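Worksheet for the structure shown next.
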Amino acid sequence: MNEKVVFTQLIDHEGHTQETNLYIGFTETDTVNLTLIGRAVDIESEESNYVQSLLVLMTKLPEGYRLKFSNSFQIENMDAIEVIKVEELVSVTFDYDPDEPQLRYNLLCHYGGKTFTSESVEDFSIALQALQTKMDINFSICAFCSNADFRSTGGEDLRHGWYCLRDVENRKPELPWFQREEEFQQAYPNVNAFHWCPSYAKAVDRLL
């Protein structure tokens, strides 16, 4: 199993915070295993993709709990490269259906002396796109790199479902993904869409 760890903070309904580690494992059966470990928490979930597994994990926590992530974004600012931080709070909401929980994403970024926020329910990419629009900048991240791609099977997700094809030769990006499966077999899988690297290629005209 391919596994990575993300350092997070768990916030209870009273605002108390504890440091936690979120272990993200990609299994040989194409499921995503999540394990959240902290001083007073040890819970696990395994579902078909990262987003669904995160939802199941969050529903195992007491009501009102939130999970805080700190993301790093690379941007181009006046021909200079700058790295900024985006705070992300994930919570569970029942606003749309009392019987169907959904994830709520709240993003916050301090930039240029201002504070920018955005939010969305169920689809993280909507919050990310809204934040970028409000800040009027371009994120130099995998999600916008011409080397990045994903197989549109319906199970992909923005966080860890991307493939980096920077070392794949004779690529045919004009073809749909199912006609170039061999490219994905040679690519780097399960790339976090926030990641940025020296091989960042030109941005593509992609709305997430």
Those residues that are assigned to a helix (DSSP H, G or I) and either basic (Lys, Arg) or in contact with a helix residue (DSSP H, G or I) (Cβ under 7 Å, 6 or more places away or on another chain) (or both), I need them from region 130-147; list them, please.
134
Please list, ordered by residue number, the strands (runs of 3 or more DSSP E) wholly in region 1-116 having 3 or more residues that are open to solvent by 60 Å² or more (accessible area, probe 1.4 Å) and at pLDDT 95 or above.
17-26, 41-47
In contact with a strand residue (DSSP E or B) (Cβ under 9 Å, 6 or more places away or on another chain), outside any loop (DSSP other than H, G, I, E, B), surrounded by 15 or more Cβ atoms within 10 Å (Cβ to Cβ) and at pLDDT below 85: does that describe residue 193?
no
For residue 143, are the conditions met, namely being aliphatic (A, V, I, L, M) and more than 14 Å from the chain's Cα centre (by Cα)?
no
Any residue at all in region 157-165 that is out of contact with any helix residue (DSSP H, G or I) (no Cβ under 6 Å at 6 or more places or on another chain) and in contact (Cβ under 8 Å) with a residue 40 or more places away in the chain?
yes
Has region 152-160 got at least one residue that is among the hydroxyl-bearing types (Ser, Thr, Tyr), open to solvent by 50 Å² or more (accessible area, probe 1.4 Å) and either modelled with pLDDT of 85 or more or in contact with an Asp or Glu (Cβ under 9 Å, 6 or more places away or on another chain) (or both)?
no
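The values are calculated or read from the model by the stated rules, or taken from the named source; none is laboratory data. Every value quoted in this text rests on a predicted model; they were computed, and no experiment measured them. Backbone-built Cβ (ideal geometry, glycine too); neighbour counts: all protein chains shown. We work out accessible area using only protein heavy atoms, side chains counted, and drop any ligands, DNA or RNA first. Shrake-Rupley method; radii C 1.70, N 1.55, O 1.52, S 1.80 Å.
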